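Data block below; observations after.
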Amino acid sequence: MSNGLISIGVSGLAAAKAGMTATSENVANVNTPGYSEESIVQSASAPVFSGAGYIGTGAQVTSVTRAYNAFQQNEVVQAQASSSQLDTNYAQLQQIDNMLGSSTSGLGPAIDTFFSAVQTVATNPSDTPSRQAMLSDAQSLADSFNSVGSQLQQVSSTVNQQISQGVSTVNSQASQLAQLNVQIVAQGGAGAGQPPNTLLDQRDALIQSLNKELGTTTIQDSNGAVNVFVGNGQPLVLGSTANTLSTVPSATDPNQVQLAIQSGSTSLVIGSNDLQGGSLTGLLSFRDQSLVPAQNALGRIAINLASAVNSQNQLGQDLNGNPGGALFSSGSPQVTAAATNTGTATVNATISNPSALSTSNYRLQYVGGQYVVTKLSDNTKTTYASLPQTLDGVTLSATGAMANGDSYTIDPTINGATQFAVTATDPSQIAAASPVIASLGANDSGTVSVTSLAVSGPPPVNANLTQPVQLNFQVSGTTTTYNIVNPTTGTVLAAAQPYTAGSPISYNGWKLTLAGAPANGDSVSVAPNTNGTSDNTNALALAGLQTANLIGNTTLSGAYQQLVGSVGTQTQQLQSTSSAQDSLLTQAQKVVSSTSGVNLDNEAANLLQYQQAYQAASQTIVTANSMFSAIIGLFANLP
């Protein structure tokens, strides 16, 4: 009997000791990240049968489990992936928001300063220092375009580096997961199916850390190993095997990288739209949805400014009496052939209408004998039977033969800002004057006056632009007409043209607007501007470009403000969304902590409980020993 009581007491001691050990382990790891509270699973030992029924034999510890809720842990993992994606996207976007929105170093002040210098030339068209100042401000404008464009390029380069670093981190963590799978399966088998809690905690923490870099989904095998998948099901970890995540050039645009899973000799590309969170997804989203459009929008502004100023300057006359030339140059469209192309064609893209440019890139594909152009910003497709064709201000042409499936990426404005430059070197090249001038007849008696005279262009202008002509008016009752004649020969070039005050008169590439009512026999002459050093007609037209709607329905400055506003709006939205997602992550982590975390108050109570159980079990042994001694004493007193 006493032997059974001692055995029961010993089992109680062992169970209480195991409980105190688990509790002590919890206390020791209260500040260990990812640690889950452990507790013993205690049950009664198998009873033995006696004449009076089954009698207990004590207690036993059947397992040590961790406080774990798979659903809660999955919520944290998903929240972590989304939070990392948004935080990364926001941090990157904030860079270009600060860059573009600067009131001193941004492009907006440089545009305003340049046109202010143009206005000064219009005020003093023959003043060389004013012209030199305009060229200096033009160079400052070019420097601003180059600087902002280069900074955006640097951001793009940094993003590519961060993507490569993120890929390296993912591969390292995937390898560690595969190794943990091996250890977990081995310890689970060696432990007769008992859970290796420490390794499981390490694996959960590693999966959460992995999701900071790239969103994953996990499926647990029956043997305890976890399989990890990314994208739309590409395997990253399968049991003890970790595949390699890599960056590969896009098949359609080698200038951009994509993620791919390398499994043996097979590379499985993961589409950006298939990614499910993490910093890598945030970087790719920022690049595709914010950075590239911003670069394109900036390039479009540069191209339109250069085109508008050049066109207007070419309509004027410079200080030496020569036709004006180009003041600026800007970048050309970039065409990139897909690495998978098998044809021999070379595709060329030229800007034919800057004001019609969009901020999108395009993909040209040759499919079934037709040319399919996809506008990548909205995936709108346009099909052509032949080239050349013009779409959104860009003319596409090709030489050589395309093979079926060949593809080309066209970036119309990507180089606009970085390659923006001043081509004029001499202040006299600024064409402030108009090549033609209008004057009233010496004997005019009516009230007609010249409101404006401008070359209507664009270049190349009419070859007869500077041909002298004269408008001779005839008034009959309430009807006023005019003939356009050659003043030297008297030849009528256009007869009986109706006259309406304020209605432009166009001829030979110029546009004349008159006010008032001419008298019969009055005349207005349009002739070459042979002494135009003090004429500011074209300089005023150049200055007017500042307020002209050159890009859609907005001005150059307006287009820049739209770019700044768009980036600013995206930044604010991401800040709000990121903050909300961070709160969700914190809440999910608190829920997990309430389930799996160590509560020192509870552990103190457990220690006291197990201490008392240990003391009680010890007392059982003492009692059993006293009983045994009493029995021995009885036998000792027998005769």
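Here are a few things to note about the model shown:
- Within the chain, helix-based [θ] at 222 nm, where runs of 4 or more DSSP H residues each add -39,500 (n - 2.57), nearest 500: -15000 deg cm²/dmol
- The alpha carbon convex hull volume per residue for the chain rounds to 232 Å³.
- Contact order relative to length of the stretch 185-232, as percent, for alpha carbon pairs under 8 angstrom and 6 or more apart: 29
- Other residues with beta-carbon under 14 Å from the beta-carbon of Asn606 carry, at +1 per Lys or Arg and -1 per Asp or Glu, a net charge of -4.
- Peptide ranges 89-95, 624-630 listed from the most packed, as the mean C-beta count within 10 angstrom indicates: 89-95, 624-630
- Candidates Ala133, Asn464, Gln161 compared by Cα position along the dipole of the chain: farthest toward the positive end lies Gln161, with charges placed on Cβ.
- Solvent accessible area, Å² - Arg363, 1.4 Å probe, full protein context: 60
- Probe 1.4 Å, accessible area per residue of the chain, Å²: 46
- Taking all Cα pairs closer than 8 Å and separated by 6 or more residues, the relative contact order of the stretch 21-105 comes to 21 percent.
- Taking only protein heavy atoms and a 1.4 Å probe, the accessible area of the stretch 428-537 is 50% carbon and sulfur.
- Kirkwood hydrodynamic radius over Cα pairs of the stretch 255-414, then Stokes diffusion coefficient at 37 °C and 0.692 mPa s, in µm²/s: 182
- Annotation for the stretch 141-212 versus the stretch 385-428: alpha-carbon center distance of 40 Å.
- Once all protein chains are placed together, Val41 keeps about 60 Å² accessible to a 1.4 angstrom probe.
- Computed lengthening from Asn98 to Ser172, 0.36 nm per intervening residue step minus Cα-Cα distance: 23.2 nm
- Probe 1.4 Å - accessible area at Lys381, Å² to nearest ten: 130
- Sequence-separation-based contact order of the stretch 482-616, relative, with Cα cut under 8 Å and 6+ spacing, percent: 7
- A simple spin-label model places pseudo-atoms 7 Å from Cα toward Cβ; at Val591 and Ser39 they are separated by 2.0 nm.
- Angle of helix 292-314 to the longest C-alpha principal axis of the chain, folded into 0 to 90 degrees and rounded to 10: 10°.
- Fraction of accessible area attributable to carbon and sulfur, the stretch 291-369 (%, probe 1.4 Å): 44
- Solvent-accessible area assigned to carbon and sulfur over the stretch 187-278 amounts to 48 percent, based on a 1.4 Å probe.
The values are calculated or read from the model by the stated rules, or taken from the named source; none is laboratory data. Values in this document were obtained by computation on a predicted structure and should not be read as measured data. All Cβ positions, even for glycine, are placed from backbone atoms using ideal geometry, and neighbour counts span all protein chains on display. Each accessible area value is taken on the protein alone, full model and side chains, heavy atoms only, with ligands, DNA and RNA left out. Shrake-Rupley method; radii C 1.70, N 1.55, O 1.52, S 1.80 Å.
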